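Q: Pasting in a structure now, in structure tokens, and then I'll have a few things to ask.
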Amino acid sequence: MRILFYLLQKEFLQIVRNKTILRLIFILPVVQLLVLVNAATLDMKNLQISIVDHDHSSLSNRLVSELNASPFFEIQEVCDNVSQGKVLIEDGSSDLLIVIADGFEKSAFEGETGYLQLLANAVNSQQAQLGFAYLQQVAQQLLGNFSTEISGFTRDPAVSVASSYWYNPELNYKFFMVPGILVVLVSVVGMFLTSMNLVREKEMGTIEQINVTPVRKSTFIVAKLLPFLFIGLFELALGLMIGRFIYNVPMEGSLWLVFGVATLYLTGLLGLGLLLSSFSSSQQQVTFVSYFFLLVFILMSGIFTSVDNMPEWGQRINLINPLFYFIDVMRSILLKGAGFFDLWKPVLGISLLAVTLVTLSVLNYRKTS
Amino acid sequence: MISIQSLSKKFDKIRALDRVTFTVNEGELFGVIGPDGAGKSTLFRIVLSLLLPDEGTVSIWGLDPVRDYRAIRKIVGYMPGKFSLYEDLTVEENLRFFASVFETSIEENYYLIKDIYQQIEPFRKRPAGKLSGGMKQKLALSCALIHKPRLLVLDEPTTGVDAVSRSEFWSILQKLKGFGITIIVATPYMDEASLCDRVALIQKGRILDVATPSEIVAGFKDKLFGVSGGNMHHLLLACRQFGGTATVFPFGEELHLTFNGGGDSSEELEKYLKTKGVEEVFIRPVSPDIEDRFMALMSRHQE
């Protein structure tokens, strides 16, 4: 125990000595949360649209002004014909082109089907789909109102759809991003710093000197991992504070649970860092390999995209993706107020990964040195 | 007493150690002399329990590095060939750290390192990475000694260190012997061999000879001559072409050579060399030193 204390003392001394890393530990969470949360938005606002109106009716004029009033669209130009509009899409100044067919108002009067055409730049397919959905919403509402006006009574649709958004009623995208970015932050610190720190001992040859002392390998490993567990949890606390005070992210669930699962998660990730470092002989190698794993884990974790939309095999890969579980846990606890029993599945996933990774890394560490 | 019995170690197809056998007596300053790649570091790493041997045994006062590595790590001090202390920690922090992992303190064994450490003490607040070569070496020795090891293992401690620091270092080792510490030191420098109590000559993983430096020199029975004159390379080739020479090696500014049968054929050689265009030949009898013996043993083993 006393030796562990001396080793920890040495580790912290070295961390404090390394001014660059020390600064990064403080700056990284602030920058990530301030910049990324705002930048990585999936909200679709201010889509640039152009309109070709063949109808020139009062209803088509109302549609144009409704579209203009919507926060999603910004009307760029009203063109005379379709080919003129196409040019605008091709040169990139418009995202969408809406064509209102001749007889649009007439068919609405007669209760027949009116025609609207949407031409979208689908290079960004998500944008095209969302634009379509928004347009449909605006047009349906307008036509509904119109039929009420001309008939004098409200037509009662057989089915009315009422949506309500749970856990994030304002659809605040930042509430969704903050927990995700926090997980990335904790992971970067946990994995990179650990693996690099261990390889550094190899690179400098200091591990040889430690190996001829009575320090046990297990003590040495614990002394290597503990500081980064503390730093990881510290980063999480710092990040949560930024989320709370700057973005007003709700914290519905228990923070104890957040830190409890985070400890488990970090243990696994530190184990992975240790495992990678035992395969590497230089900091360069281990940085590259860690980067590879982290990038795959982050992009597959569901931080930006919905995991449910992934192909079957991708979802299966996520079974061994610690970030996938932890992002799920963080969002559930913070936004939904989920408790331990709601989360037993991802927590079990994290635990299994942690046990496997730590076991593998310790076994491998023994073998290679 | 340290006893090494028939120690062998292979790396892939290379025999790093081939049935190495010798003993080191208590309190001895024992040199392991051999060129780079002779297997010195491999031998040390096995003795220090950092590497497992393929065959053979090591006994350090009855302890086996394979079985009793934990006990051995308490009684040995090791100074690797490459500087391997924490460069981002200060001189004092390094020393304190290594004292504490052995559960002792600088104060407790200060008398052992006093002479060495006093020279670097003015820089005790300086990061170890910013020390000069000679000071790094002294710090490394201090750190290897701070737990008062019974056996001190030094792997090429003087490689890359200036001549003054080298001789200073050897006088420190002599002093440490006075504290009853057994020292095993590896060096590629033949001149350092004569400063040891006994030496083992090692080449390509094999022990050529184990004896005191004077015994080793005495093992050189043939008459030895120093030859100089003209272009060195040309001279070397010519002497080897001359049928009567047994061994010819460059040695400092001249060649050291022996004649077949250990006799003296210097007159014939001189004549031969003149026919080869070497005008000013100077041949003199010289007394052999360890390097000559080493070269002789080496060429005999290669045959």
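Readers should treat all values here as calculations from the given coordinates under stated rules, not as data from a laboratory. This is a predicted model, so every value here is computed, not measured. Cβ: placed from backbone, ideal geometry, glycine included. Neighbour counts: every protein chain shown.
Q: Sort A:244, B:96 so the one with the fewest other Cβ atoms within 10 Å of its own Cβ comes first.
A: A:244, B:96
Q: Where does region B:221-287 land on the Kirkwood hydrodynamic radius, alpha-carbon pairs, in angstrom? Before the final figure, lay out the partial values.
A: On the way: mean 1/r = 0.0870 Å⁻¹.
Computed over Cα pairs of region B:221-287, the Kirkwood hydrodynamic radius comes out at 11.5 Å.
Q: Cβ neighbours within 10 Å, averaged per peptide: list B:52-58, B:134-140 in order, most packed at the top.
A: Top of the packing list down: B:134-140, B:52-58.
Q: In which sequence would A:66, A:149 go, from the one with the fewest C-beta neighbours within 10 Å to the one with the most? Don't skip to the answer; put the middle values down first.
A: On the way: A:66 15, A:149 8.
Final ranking by Cβ density, sparse to dense: A:149, A:66.
Q: I'd like the antiparallel share, as a percent to the nearest 5, of DSSP beta bridges with both residues in the protein assembly as shown.
A: Of the beta bridges lying entirely in the protein assembly as shown, close to 55 percent run antiparallel.
Q: Please list 3J(HN,Hα) in residue order for region A:302-309, calculated via the Karplus relation 6.51 cos²θ - 1.76 cosθ + 1.60 where θ = phi - 60°; whole Hz, with x for glycine and proline.
A: After applying 6.51 cos²θ - 1.76 cosθ + 1.60, I find x, 6, 9, 10, 7, 5, 5, 7 Hz.
Q: From other protein chains only, count the Cβ atoms within 10 Å of every residue's Cβ in A:199-211, then give the mean.
A: Partner Cβ neighbours, averaged per residue: 5.
Q: OK, next. Mind sorting B:147, B:234, A:54 by how few other Cβ atoms lie within 10 Å of their own Cβ, fewest first?
A: Values: B:147 24, B:234 14, A:54 17.
Lowest count first: B:234, A:54, B:147.
Q: In Å and from the alpha-carbon atoms only, list the Rg and Dmax of the protein assembly as shown.
A: 39.4, 137
Q: Under 8 Å for C-alpha pairs, at least 6 residues apart: give me the relative contact order for region B:140-285, rounded to a whole percent.
A: 17 percent
Q: Okay, next question. Compactness ratio of chain A: Cα Rg over 2.2 N^0.38 Å, N = residue count? Walk me through the numbers before you get to the answer.
A: Values: Rg = 27.9 Å, N = 369, 2.2 N^0.38 = 20.8 Å.
So chain A has a normalised radius of gyration of 1.34.
Q: A further question follows. With chain A treated as a Gaussian network of Cα nodes joined by springs under 10 Å, which of A:205, A:190, A:180 yields the largest mean-square fluctuation?
A: A:205
Q: Output ³J(HN,Hα) for region B:187-192: one whole-Hz value per residue in order, computed from phi by the Karplus curve 6.51 cos²θ - 1.76 cosθ + 1.60 with θ = phi - 60°, and x for Gly and Pro.
A: 7, x, 8, 5, 5, 7
Q: DSSP beta bridges in region A:47-151, what fraction antiparallel, as a percent rounded to 5?
A: Taking every DSSP beta bridge within region A:47-151, about 30 percent pair in antiparallel fashion.
Q: Check which residues have an amide H placed less than 5 Å from residue A:115's amide H, if you skip close sequence neighbours.
A: Answer set, sorted by chain and number: A:101.
Q: From the backbone phi of region B:54-59, what are the Karplus-calculated ³J(HN,Hα) couplings (6.51 cos²θ - 1.76 cosθ + 1.60, θ = phi - 60°) in whole Hz, Gly and Pro given as x?
A: In residue order, the calculated couplings are 6, 9, x, 9, 10, 10 Hz.
Q: Further question: Determine the principal axes of the Cα atoms in chain B, then give the extent along each, sorted from largest to smallest and rounded to whole angstroms.
A: Largest first, chain B extends 71, 44, 36 Å along its Cα principal axes.
Q: Now a separate question. Pull up all non-local amide H partners of residue A:72: gap of 5 or more, or a different chain, and H-to-H distance under 5 Å with H placed in the peptide plane.
A: Amide H to amide H, under 5 Å and 5 or more residues apart or across chains, residue A:72 pairs with A:46.
Q: With every atom except the alpha carbons ignored, what do you get for Rg and Dmax of region A:47-151, in angstroms?
A: Calculated on Cα positions, Rg and Dmax stand at 13.4, 44 Å.
Q: Going by amide H atoms built from the backbone, whose H comes under 5 Å of the H on residue B:90, apart from near neighbours?
A: Those qualifying (amide H under 5 Å, at least 5 residues apart or on another chain) are B:128.
Q: Taking each full run of DSSP H in chain A as one helix, which ones are at least 20 Å long along their axis (Cα atoms) and have mean Kyte-Doolittle hydropathy of at least -0.5?
A: For chain A, where a helix must reach 20 Å along its axis and average at least -0.5, the hits are A:2-17, A:125-151, A:173-188, A:217-246, A:255-279, A:283-300, A:344-368.
Q: Average partner chain C-beta neighbours within 10 Å, per residue of B:81-87?
A: 5
Q: Same structure, new question: Roughly how crowded by other chains is peptide A:10-23, in terms of the mean Cβ count from those chains within 10 Å of each of its Cβ atoms? Walk me through the intermediate numbers first.
A: Values: counts 8, 0, 0, 6, 5, 1, 1, 7, 1, 0, 0, 0, 0, 0.
Shielding by partners across A:10-23 averages 2.
Q: Of A:132, A:69, A:172, which is farthest along the charge dipole of chain A in the positive direction, counting Lys and Arg as +1 and Asp and Glu as -1 at C-beta?
A: Value: A:172.
Q: Next question. Pairs B:74/B:138; A:10/B:114; A:10/A:345; B:82/B:223; B:82/B:114; B:82/B:177: which exceed 30 Å Cα-Cα?
A: Violating the 30 Å limit, Cα to Cα: A:10/A:345; B:82/B:223.
Q: A follow-up question, please. Roughly how many debye, to the nearest 20, is the charge dipole of the protein assembly as shown about its Cα centre, given +1 on each Lys and Arg Cβ, -1 on each Asp and Glu Cβ, and no other charges? Kindly include the intermediate steps, with their values, before the conclusion.
A: Working: 60 positive and 67 negative charges, 575 e Å.
Result for the protein assembly as shown is approximately 2760 debye, rounded to the nearest 20.
Q: Still on this structure: Relative contact order for chain A using alpha-carbon pairs under 8 Å, separation at least 6, rounded to a whole percent?
A: 18 percent
Q: Under 8 Å for C-alpha pairs, at least 6 residues apart: give me the relative contact order for chain B, rounded to a whole percent.
A: 20 percent
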